[in-house]
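Read-outs: derived from the displayed coordinates by stated rules, not from any lab. In this text the structure is predicted, and so the values were computed from the model without any measurement. Positions of Cβ are backbone-derived with ideal geometry, glycine not excepted, and every protein chain shown enters the neighbour counts.
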Amino acid sequence: MGNRTVLFDAHNAMGARIVPFGGWDMPLHYGSQLEEHHAVRRDAGMFDVSHMTVVDLTGERVRAFLQYLLANDVARLQEPGKALYSCMLNPQGGVIDDLIVYFMRDDWFRMVVNAGTTEKDLAWLNEQAPAYGVTVKPRSELAMVAVQGPNARAKAIPLLPAAVQDVASNLGIFKAVGDGEWFVARTGYTGEDGFEVMLPEAEASNFWNALADAGVAPCGLGARDTLRLEAGMNLYGSDMDEETSPLEAGLNWTIAWEPAGREFIGRNAIEPKRGSADNRRFVGLVLLERGVLRNHLKVFSGDEEIGEITSGGFSPTLERSIALARVSSTIGDECLVEVRGKRLRAQVVKPPFARQGKAQIDL
């Protein structure tokens, strides 16, 4: 038996199929992964993401600490509640984790890290923090619910604490507002609009059930994965890891090279490779023949093996198989993918494949 979130009983009551995931027992779906996917693209769906870890970082030098710890630059965060996506690198330039960090006030930042990497993330934070006098506090008493879709915000806002409803109605993308232990962020992992809501565990079940009563569909890990794949969003452990540089994971945009004098962990390892033709490319693939693209399938240009799929599956929005792949920089507009001993044609595209309910590529 794995760890269970405070919403475990609610999932069972709604008929969820429970599977192990990152040490947790989590809902895979509630009957139809396909319907859950479409609910998020067309209306509103909700996900229990309480298995992820909220970490509060406090201290007078917390900003300087995060400028050293993260590849992106928290100096950009000046407005309370503003969020930043970043990779946390090791000295060799590999990705320890990808995460979101929020500026709360000058001596307090909030971080949300992945469930499967929580233990090593906390160990790394606690190793680096003492030099800056920063306190690392995991907030395991907080639950988190993601409400996503074109109608997600409208359905969720009336159910939020009265003190944050007006602000949440006008909240900008990648911004958050708090009221006590409630924290509402306009972020997500689906390519659709919505909120990620952190709240006390004692109030999570009532919030979850109220969302369901408002017509928000409960969604599991299956739909979450197809949604994020269509949106071209990386999955830690599949698309990047401690052996992979963000330069080869489509995450160049998350590295703040300026100011040139800012030292951050991993910079010395990856900066010499910046812009190098030897870096592998991170691309999208759309299968042009019948079949399904899966993780670790080999990619070919003619008879030459040039890379492999890092994330693959069926796209409900496009109604065809898609993938993210790490390949040689010499790849052209088409390639071949070896599926069950046969090499099938695939179109090379730039992700995302679908966002805001619509296809983002020409087929």
Determine which member of the set L84, L66, L122 is surrounded by fewer than 19 Cβ atoms within 10 Å (Cβ to Cβ) and either touching a residue at least 24 places away in the same chain (Cβ under 8 Å) or assigned to a loop (DSSP other than H, G, I, E, B) (or both).
L122
Which one of I331, I361, I270, I265 is of a type in the set (A, V, I, L, M, F, W, C), more than 30 Å from A64 (Cα to Cα), outside any strand (DSSP E or B) and in contact (Cβ under 8 Å) with a residue 60 or more places away in the chain?
I361
Number of the exception - S205 against (1) surrounded by fewer than 18 Cβ atoms within 10 Å (Cβ to Cβ); (2) on the phi > 0 side of the Ramachandran plot
(2)
Which of the residues spanning the range 203-233 are free of Cβ contacts under 8 Å to residues at least 24 places away in the same chain and not charged (D, E, K, R)?
N206
Can you confirm whether the range 91-106 contains a residue that is surrounded by fewer than 20 Cβ atoms within 10 Å (Cβ to Cβ), over 20 Å from R186 (Cβ atoms) and within 18 Å of the chain's Cα centre (by Cα)?
yes
Residue in the range 89-119 that is farthest from W257 (Cα to Cα), counting only those that are outside any loop (DSSP other than H, G, I, E, B), free of Cβ contacts under 8 Å to residues at least 60 places away in the same chain and not β-branched (V, I, T)
E119
Out of R76, R110, I need the residue that is exposed (fewer than 15 other Cβ atoms within 10 Å of the Cβ), under 22 Å from the mean Cα position of the chain (by Cα) and under 22 Å from G59 (Cα atoms). Which one?
R76
I'd like to verify a number: residues in the range 218-232 that are more than 18 Å from L287 (Cα to Cα), touching a Phe, Trp or Tyr at 6+ places or on another chain (Cβ under 9 Å) and small (G, A, S), how many?
2
